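J.: The structure's right below; bear with me while I get my questions together.
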């Protein structure tokens, strides 16, 4: 197998990273994918930075054992705490989600006020504040930790009829709206599932999804390093989890847009 034909490795703490898989399948259809969901340790947002970095290295080693040519970190929390350490230790391309989303938000904002909702660890890292300001130095960045959202998404409570989700979003978005933001970063790859609900709640604000924003960066990096799959064949995706495969397979379709029941394997790490 040529280097171009090798798969892209993608990892996340659980189901959310499947939104990145979906984007790659739709926009880079020749690419093969190996996905690892560290569902045994989900959510990462309430773990320490040290724990998350340990998970990130273990996830990377697993994907390397599958012969991947590049790695996409489909997790804001792992990106904000661990990407720098990973890139120091490995030579293959490693793409995160914080940088691309920050660049897009900095480009979209007109009043230079950007809001972020993310996990507690991502917010605590200050990654979005630093990175948005690296693109737009006088931008104000307001971040709110949103610990209730990942469990609600994984429970499928993503619609306007789900009172718990609506109440949680009101809790987290209200202080950002009061700050006068005109651009909002959904700083977790779980969050695109309630994009439509947020858009309905705050229709006049630009919304940036961190996971899908990384797609252009991934494409450009693979192209620059002559790693794009040019075979013309439809790519295939493999799915692994550290937790229970049946649960992941049952609920993965919500994120991926197509059923993966019976297609998820247990990762031996």
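The values are calculated or read from the model by the stated rules, or taken from the named source; none is laboratory data. Here the structure is a predicted model, which means the values were calculated and not measured. So basically every Cβ, Gly included, is an ideal-geometry build from the backbone, and we count neighbours across all protein chains shown.
J.: Is there any pair linking a residue in the stretch 185-200 that is not assigned by TED's automatic domain parsing to the domain that holds residue 106 and part of a strand (DSSP E or B) to one that is modelled with pLDDT under 95 and surrounded by 24 or more Cβ atoms within 10 Å (Cβ to Cβ), with Cβ under 6 Å and at least six apart or on different chains, and which?
T.: Within 6 Å, no pair qualifies.
J.: For residue 9, state whether it is part of a helix (DSSP H, G or I) and touching a helix residue (DSSP H, G or I) at 6+ places or on another chain (Cβ under 7 Å).
T.: Details: part of a helix (DSSP H, G or I): no; touching a helix residue (DSSP H, G or I) at 6+ places or on another chain (Cβ under 7 Å): yes.
Answer is no for this residue.
J.: If residue 16 passes every condition in (1) outside any strand (DSSP E or B); (2) touching a strand residue (DSSP E or B) at 6+ places or on another chain (Cβ under 8 Å); (3) under 23 Å from residue 244 (Cα atoms) but one, which one does it miss?
T.: Looking at each condition in turn, residue 16 falls short on (2).
J.: Kindly provide the set of residues from the stretch 55-99 that are farther than 15 Å from residue 214 by Cα and either in a loop (DSSP other than H, G, I, E, B) or not assigned by TED's automatic domain parsing to the domain that holds residue 228 (or both), ordered by number.
T.: First, the residues of the stretch 55-99 that are farther than 15 Å from residue 214 by Cα: 55-69, 81-82, 84-92.
Within the stretch 55-99, 66, 67, 68, 69, 90, 91, 92 meet the criteria.
J.: Moving to a separate point now. Could you please let me know if residue 101 is at pLDDT 95 or above, touching a helix residue (DSSP H, G or I) at 6+ places or on another chain (Cβ under 9 Å), surrounded by 22 or more Cβ atoms within 10 Å (Cβ to Cβ) and more than 21 Å from residue 198 (Cα to Cα)?
T.: No, not satisfied.
J.: Restricting attention to the stretch 208-226, which residues are within 20 Å of residue 20 (Cα to Cα), surrounded by fewer than 18 Cβ atoms within 10 Å (Cβ to Cβ) and in contact (Cβ under 8 Å) with a residue 12 or more places away in the chain? Break it down stepwise before answering.
T.: Initial filter on the stretch 208-226 (within 20 Å of residue 20 (Cα to Cα)): 208-223.
Narrowing the set further to residues that are surrounded by fewer than 18 Cβ atoms within 10 Å (Cβ to Cβ) leaves 216, 219-221, 223.
Residues satisfying the conditions are 216, 219, 221.
J.: Still on this structure, please answer the following. Within the stretch 107-132, track down each residue that is out of contact with any strand residue (DSSP E or B) (no Cβ under 7 Å at 6 or more places or on another chain), in a helix (DSSP H, G or I) and over 27 Å from residue 228 (Cβ atoms).
T.: Result: 121, 124, 125, 127, 130.
J.: Being outside any loop (DSSP other than H, G, I, E, B) and modelled with pLDDT under 95 is the filter here, so list the residues in the stretch 150-174 that pass it. Explain how you work it out, then say what you get.
T.: The first filter runs over the stretch 150-174 and keeps only residues outside any loop (DSSP other than H, G, I, E, B), leaving 150-154, 163-174.
Scanning the stretch 150-174 gives 150, 151, 152, 153, 154.
J.: A follow-up question, please. Can you tell me which of 37, 45 is surrounded by 15 or more Cβ atoms within 10 Å (Cβ to Cβ), modelled with pLDDT under 95 and either more than 17 Å from residue 265 (Cβ to Cβ) or in contact with a strand residue (DSSP E or B) (Cβ under 6 Å, 6 or more places away or on another chain) (or both)?
T.: Matching residue, one of 37, 45: 45.
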